[in-house]
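The values are calculated or read from the model by the stated rules, or taken from the named source; none is laboratory data. Because the structure is predicted, anything quoted here is derived from the model rather than measured. Neighbour counts are summed over all protein chains in view; Cβ atoms, including those assigned to glycine, are modelled from backbone coordinates with ideal geometry.
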Amino acid sequence: MMNHLCLLLFLLVLGVQNITVDAMADEVMEIVNPKDYQGCLQLAHQTFTNEVADTPKKMQKGLMFRQSLPENASMLFIFPQSQQANFWMKNTLIPLDMLFFDENRVLREIKNDIPPCITEECPIYQSISDNIRFVLEVSAGTVRRLNLHPGEKFNACP
């Protein structure tokens, strides 16, 4: 018992802030584990075959050069922290709907029917909010087909 108290006091003196930060980081990683969404994701009673883009390289490539995207397929972009999301659709050959979600996986913004872009000059699609943690790309028309609106929430498949 005395050893535990001495260890606790020692840790407090040497930097309890680091322990707290690390513990908080572990909690965040548990809440947003990309593996939870790899392969399957649910939104509005629809199950999507999902791919995850959670590294800079995967995010940069996204759905570039894909010739098609089935209506039940998606790609989830996971940002390391909430931010304003910017997407440049160069070499994206298929029309998409983009859904912008906050850190609680709640849909905040929608961009419908984003056209393909194979030219040098491609528009940038930007969220209005700076509180975006996830962006889900699905085939164009999905938002209308599922009647999606802000407030919807996505989840990992059971």
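Okay, here's what the table says:
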read-out: Any chance Val106 is farther than 23 Å from Lys61 by Cα and either at pLDDT below 95 or of a type in the set (A, V, I, L, M, F, W, C) (or both); value: yes
read-out: Residue in the range 48-61 that is over 13 Å from the mean Cα position of the chain (by Cα) and touching a residue at least 60 places away in the same chain (Cβ under 8 Å) present; value: yes
read-out: Any hit, the range 114-124, residues being within 17 Å of Asn50 (Cα to Cα) and part of a strand (DSSP E or B); value: no
read-out: Qualifying residue in the range 133-153 (condition: free of Cβ contacts under 8 Å to residues at least 24 places away in the same chain and outside any loop (DSSP other than H, G, I, E, B)); value: no
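One line per residue, one yes/no per condition, for (1) outside any strand (DSSP E or B); (2) at negative phi; (3) surrounded by 15 or more Cβ atoms within 10 Å (Cβ to Cβ); (4) in contact with a strand residue (DSSP E or B) (Cβ under 7 Å, 6 or more places away or on another chain):
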site: Phe48; (1), (2), (3), (4): no, yes, yes, yes
site: Lys58; (1), (2), (3), (4): yes, yes, yes, no
site: Ser68; (1), (2), (3), (4): yes, yes, no, no
site: Leu76; (1), (2), (3), (4): no, yes, yes, yes
site: Pro80; (1), (2), (3), (4): no, yes, no, no
site: Phe87; (1), (2), (3), (4): no, yes, yes, yes
site: Leu99; (1), (2), (3), (4): no, yes, yes, yes
site: Lys111; (1), (2), (3), (4): no, yes, yes, yes
